[in-house]
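Below you'll find the structure, written out as C-alpha cells, and then a few comments.
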Amino acid sequence: MARSGSAARSGKPAGRPSGKAVRTKKQKRRRRLKAFTAGVVGLVLLLGVFIGVVYATTEVPDPSSVQNAQTTVVYYADGTTEMARLGVDGGNRTNVSLTEVSEPARNAILAAENRDFYSDPGISFTGIVRAAWNNLTGGSTQGGSTITQQYVKNAFLTADQTFSRKFQELFLSIKLDNNYSKNEILENYLNTIYFGRGAYGIESAANTFFGVPAAQLTPQQGAVLAVLVRSPSSNDPETNPEGAQSRWGLVLDAMVDEGWLTQADRDASVYPTVRPRTGTNLGIPSGPEGFAVQRAIAELEAKGYDEQQIRAGGLRITTTVDKRAQDAAGSAVASVMDGEPEGLREALVAIDPHNGAVRAYYGGPVSTGDGAIDYAQAQRQPGSSVKPYVLATALEDGISVTARRDGSSPQEFPDRPGLPVSNSGGASCGSCTLMEAMTKSLNTTYYGLAYEVGAEKVRGNILEATGLPETWPQGTPMAGRTTLADPETGNTGGSIGIGQYEMRPIDQAHGFATFANGGVEHEPYFVARVTDSEGAVLLEYGGDSGDQVFTQDVASDVTYGLTEVASSSRRALDGGREVASKTGTQGLNTRDNSDAWMVGYTPSLSTAVWMGNDSPSQPIKNVSGAIIYGSGLPGAIWQEFMNTVLEGTPEEDLPNRPVIKGDTGEGVPAPAPAPVPVPQPEAPAPTQPEPEAPTQQQTTDETDGTEGETGGQTGGQTGGQTGGQTGGQTGGQTGGQTGGQTGGQTGGQTGGQTGGLAGGQTGPPVSGGQPADPEDEGQPTG
C-alpha cells in the first residue's frame, strides 16, 4: 500500500505516532493552569513565610518608654550652625489617662480620624494600597491611615515619606493592635497628637484653646480640636475661621451618623469661643532669620511633611541660608537705615543663580508676634527694575541693545490715550540706544518698546523668568487675580514696561538670577537636607534641573545692557568688580514715590532690595524729607551687602560686547554728529576766584546719575565755573568778542545761578552720603 504525506517522507508507518501521545488543546490549557496555580501558591507560601518571619521579628517598643516629642533643629547652610530649635524638649504636654478625657471629645476625634477604630485590625488596607500606588506614580503619600497607624508613625517611625516606611508602619500597627488594647492605643495617641500653638496632647490642647481640662471638653469643643489633628496651623480658628468652622460642622455631622450626638444637640450646637493666641513663637527666632525658618517649614509642608513631623519629629533641617550672607543683610539694612524714618520698610533676597538656593532672606526686623510682616513677599510695583525683561523680549525679536528708539518726553501711546508717559527729571533723548535708555532709565523708550514687541509677550517672559503663576495664590492680598495685569480689568498693557504691575522682592531676585545663569531658571528653595535624629537622610535636594527660558545670547546681551547702571548711579562695587544691575522707582504722583528698588547680580549672586511703606499710598522720604529713589537708600543697602558677601571671592567677568546685532523693529536714525568748532584766537579769561569744590550734599543723581550730574553738579559747579570761565573762553573762541562777553556774563550768571539753583537746589538733597536718582516714573503709570 502506498504511503503519502509526512509519514511517507519519514519512513514511519502512518497512524498513531510512537512515544508520548500528542496533547489536545484542552490538555495543554489544563497543564498551563496547573503551572500557574502552583506558581501562585508558591508565591503565597513564600509571602506568608516572609510575613510571618517579619512579623515575628518586629519588636514593638513599650509606649511608656517612647519620647513622644523630639525637638527639631534648623541649621544654616553649613549644617552645624543652629538657626532655630522648634519647640521645647517635651513640648507643652501633660499626659492623662483615657478616663480623664471626656467621652464626647474622644468620639469627636474618632469621628474625624477613624470611626471604625474599635473594630479595625489596626491598619487600613485601602490606605496602604493607595500609598503604594502614589509612591510608584509620584503622587501624594498622605491620608488614609488609622489611628493606630498615625500613632505608630508619630511615636516609633521617622518622617520618611516612602513605601518602605509605610511597610514598617503596617507590621508595627498590626503587632501593636495585637499586643495592646484599643483603649491603651487611643490613650497614647491622644497624648502624642500635636494640636498647634505648641500644645502636645489633648490635655494641653484643652487648656490652650479653651482653658479647661480634657475631662470637661464638650462635644462642640472636642470637634474644634478634632479638626486640628490633620493640619494645626491651617485649621486654627484664629487664622482660618471659615475653614475651621466648616470642618467643625462636618465632624459634628459624623458624630450624629455614628450615634454619638443627637440631631437635636447637633442643631443646637454653636461654635465655641476659642482663646486667643499667646505670644509664643514655638521656637521660631523673632529676628530676620525667623522668616527664613518659616519659609523652610512651608517648603517641607509642600513636600508632604505634616506639622507634627516638622515640629516634634526630631528632624535635623539644613537650610540653604548662608550665615555670613544673612548677617550681612541685617547689617547693611541697620547701618544704612540708622537715623532714617521708622515707617520705612525694607526687604532683601539673595539667590544663587546656579541652583536657586536662597542665600540671604531679610523680610523685616521682626518675624514673630505683633507687627511681623514678611516684606520679601510683599506685592509692590517694581518701577523701572522691570525694564530688563522688556529688553529680553526685544532681543528675542532680533532688536539689539544698540538699536535706537525715541526717548523724547512726554509721549502718548495708543493703549493709554490722554495719559502721556514722561521721563523723570525732564530727561529726553530723541535717538538713544536701548542700552543708553536703560542706563538713563527712559520711561518713554521702554514703554514704547513694550508696546512694540507686545505687552503679553513681555508678561510671558517675566512669568517664565520668575516662576510667577498665572494668578496670585491663596493667602496673598491679591489672591485669585491675574499676575502682571491690571487688578481691575485683568489686562496687560504697555505699562508693564515701566513696572506698573506688582511683583515681590523674591520674584525680582529670582528673575535676575535667570539672566545671571545664562537664561536658565531655577525655582528658589530653602531646604537642602533633612535627617532624622539618628542621622538617617530623609531628604537631599540641590535644586531643580532648571528651564532654559532665554537663550544664552539673549541673557548675555541683557547682562551687557545692565553693566553701566551701577556706576552711573554711583553704586559700583569695590575693586571695580563687574556687576549688572537696575534701579527702580515707582511714582506715587508727580512729586512723590511709593516704592524704590535696586536689583543686581554677578554670575554667582543675584540680590534684590526693596523699600517702601506699609501702604503704597504713602510717599517714601528720607530723614531730610527728600524723595527716595532706587539708587538712594535701597542702592546703598544693595551695595554694602554685595561688597560684604563678595569680598574675597573670585571676580567674574561679564559680557563686554553684544552678541545680537541689528534691528528688526521700529528704529530711529542716529543723531547727526555735532559740528566741529573752528579754532579762533584765544580771548583773555576773566579774572575771578576759584570756586570751592562741591560737597556731596550738593550733588544729585538724576536719571541714575546721568541727568543729575548735568543738572546738579555740572549745572551748579560747571555752570558757574565753566560757564563763567570756559563760557567766556570758549565763547570768545567761537564767537569773538561779543560771544566772549555774552558767554561769560550769561554763562556765568545764568549757568551759575540757574544751573546751580535748578540742578543743585531743585534736585533732591542727598541724605547720609546716599545719592538720589529720580530715574523713573515720577507720575502715576495708570
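How much net charge surrounds S545 when only other residues with a Cβ under 13 Å from its Cβ are counted (Lys, Arg +1; Asp, Glu -1)?
Working: positive: none; negative: E521, E523, D544, D547.
That works out to -4.
Please express the shape of region 616-674 as an equivalent ellipsoid: the semi-axes are the square roots of 5 times the eigenvalues of the C-alpha gyration tensor, given largest first in whole angstrom.
Working: eigenvalues 237, 134, 29 Å².
Listed largest to smallest, the semi-axes of region 616-674 are 34, 26, 12 Å.
Going by average Cβ density within 10 Å per residue, which order do the peptides 438-446, 242-250 take, highest to lowest?
Working: 438-446: 29.7, 242-250: 15.3.
Order by mean packing, descending: 438-446, 242-250.
Distances longer than 26 Å among the Cα atoms of region 209-333: what percent of all pairs is that?
Numbers: 3061 of 7750 pairs.
Tail of P(r) above 26 Å: 39 percent of Cα pairs.
In region 310-358, carbon and sulfur make up what percent of the accessible area (probe 1.4 Å)? Show your work: numbers first, answer last.
Working: 640 of 1500 Å².
Here carbon and sulfur together make up 43 percent of the probe-accessible area.
So which lysines can K182 reach, going by Cα to Cα under 24 Å and dropping same-chain residues fewer than 8 places off?
Once the sequence-local lysines are set aside, what remains near K182 is K153, K166.
Which lysines, on any chain, are close to K26 with Cα under 26 Å apart, when same-chain ones fewer than 8 places away are left out?
Excluding near neighbours in sequence, the set is K34.
On a 1.4 Å probe surface of the protein chains, which of E238, E640 comes out largest in accessible area, and what is the full order? Numbers along the way, then the final one.
On the way: E238 95, E640 65 Å².
The ranking, largest first, comes out as E238, E640.
What is the gain in length, in nm to one decimal, between D116 and A479 on full extension, counting 0.36 nm per residue of separation less the C-alpha to C-alpha distance? The partial results should precede the final answer.
Values: separation 363, 0.36 × 363 = 130.68 nm, distance 3.91 nm.
Net length gain for the segment: 126.8 nm.
How large is the dipole of region 475-556 about the Cα centre if only Lys and Arg carry +1 and Asp and Glu carry -1, each at its Cβ, rounded to the nearest 20 debye? Kindly include the intermediate steps, with their values, before the conclusion.
Values: 3 positive and 12 negative charges, 44 e Å.
The dipole of region 475-556 has a size of about 220 debye.
Of all the accessible heavy-atom surface of region 456-528, with the other protein chains kept in place and a 1.4 Å probe, what percent is carbon and sulfur?
On the way: 1060 of 2340 Å².
About 45 percent, which is the carbon plus sulfur part of the accessible surface.
Just the number: Rg to Rh for region 285-373, Cα atoms, Kirkwood Rh, two decimals. Let's see the in-between values first.
On the way: Rg = 14.6 Å, Rh = 14.4 Å.
Radius of gyration over Kirkwood radius for region 285-373 works out to 1.02.
If you average 1/r over all unlike Cα pairs in region 378-455 and invert the result, what Kirkwood radius do you get in angstrom? Mind dumping the intermediate values first?
Numbers: mean 1/r = 0.0790 Å⁻¹.
Taking every pair of different Cα atoms in region 378-455, averaging 1/r and inverting gives 12.7 Å.
Going by the alpha-carbon gyration tensor, a ≥ b ≥ c the square roots of its eigenvalues, is region 267-308 rounded (a/c under 1.5) or, if a/c is not under 1.5, prolate (a/b greater than b/c) versus oblate? Kindly include the intermediate steps, with their values, before the conclusion.
Numbers: a/c = 4.23, a/b = 1.68, b/c = 2.52.
Note, shape of region 267-308 comes out oblate.
Would you mind telling me the share, in percent, of accessible area of region 193-274 contributed by carbon and sulfur at probe 1.4 angstrom?
Exposed carbon and sulfur together represent 47 percent of the surface.
Please report, for the Cα atoms of region 554-677, the Rg to one decimal and the Dmax as a whole number; what are they, in angstrom?
Considering region 554-677 through its Cα atoms, Rg and Dmax are 17.7, 55 Å.
Starting from the Cα of K387, draw a straight line to each of the lysines and keep only those under 23 Å, dropping any in the same chain fewer than 8 residues away.
K440, K457, K582, K661
Tell me, rounded to the nearest percent, the portion of alpha carbon pairs in region 163-278 spaced more than 20 Å apart.
More than 20 Å apart: 50 percent of the Cα pairs in region 163-278.
On the full set of protein chains, 1.4 Å probe, figure out the accessible area of R266 and give it in Å² to the nearest 10.
50 Å²
Would you work out if region 472-544 is rounded, prolate or oblate? Take a ≥ b ≥ c from the square roots of the eigenvalues of the alpha-carbon gyration tensor; rounded if a/c is under 1.5, else prolate when a/b is larger than b/c, oblate otherwise.
Values: a/c = 4.32, a/b = 1.97, b/c = 2.20.
In terms of gyration-tensor shape, oblate.
Could you give me the percent of Cα pairs per 5 Å distance bin for region 543-589, shortest bin first, beginning at zero and ending with the bin that holds the maximum distance?
With a bin width of 5 Å, the distribution comes to 5, 17, 19, 16, 16, 14, 10, 3, 0.
So for region 520-624, considering every pair of alpha-carbon atoms, how many percent are separated by more than 21 Å?
Details: 3171 of 5460 pairs.
That tail contains 58 percent of the Cα-Cα pairs.
How many angstrom lie between the C-alpha centres of region 573-636 and region 167-237?
Here the answer is 50 Å between Cα centres.
Could you rank the peptides 575-588, 447-460 by their average count of other C-beta atoms within 10 Å per residue, with the highest value first? The partial results should precede the final answer.
Working: 575-588: 24.3, 447-460: 21.9.
Output ranking for 575-588, 447-460: 575-588, 447-460.
Output the direction-averaged projected area (hull surface divided by four) of the convex hull of the alpha-carbon atoms of region 318-426, in nm².
Numbers: hull surface 47.8 nm².
Average of the hull's projected areas for region 318-426 equals 12.0 nm².
Work out from phi, with θ = phi - 60° and the Karplus expression 6.51 cos²θ - 1.76 cosθ + 1.60, the ³J(HN,Hα) of each residue of region 338-355, listed in order in whole Hz, and give x for Gly and Pro.
The phi angles translate into 4, x, 7, x, 5, x, 6, 10, 9, 8, 9, 10, 10, 10, 7, x, 5, 9 Hz.
Leaving out ligands and nucleic acids, and using a 1.4 Å probe, what accessible area per residue does region 542-667 come to in Å²?
Details: 4760 Å² over 126 residues.
On a per-residue basis, 38 Å².
Could you rank the peptides 546-556, 475-485, 319-329, 202-212 by their average count of other C-beta atoms within 10 Å per residue, with the highest value first? Please list the in-between numbers first.
Details: 546-556: 18.6, 475-485: 15.2, 319-329: 23.3, 202-212: 21.5.
Order by mean packing, descending: 319-329, 202-212, 546-556, 475-485.
Tell me, how many Å apart are the Cα centres for region 317-379 and for region 263-296?
Rounded to whole Å, the Cα centres lie 25 Å apart.
The values are calculated or read from the model by the stated rules, or taken from the named source; none is laboratory data. Note that the structure is a prediction, hence the values are computed from the model and not measured. Glycine gets a Cβ as well: all are built from the backbone with ideal geometry, and neighbour counts include every protein chain shown. We work out accessible area using only protein heavy atoms, side chains counted, and drop any ligands, DNA or RNA first. Shrake-Rupley method; radii C 1.70, N 1.55, O 1.52, S 1.80 Å.
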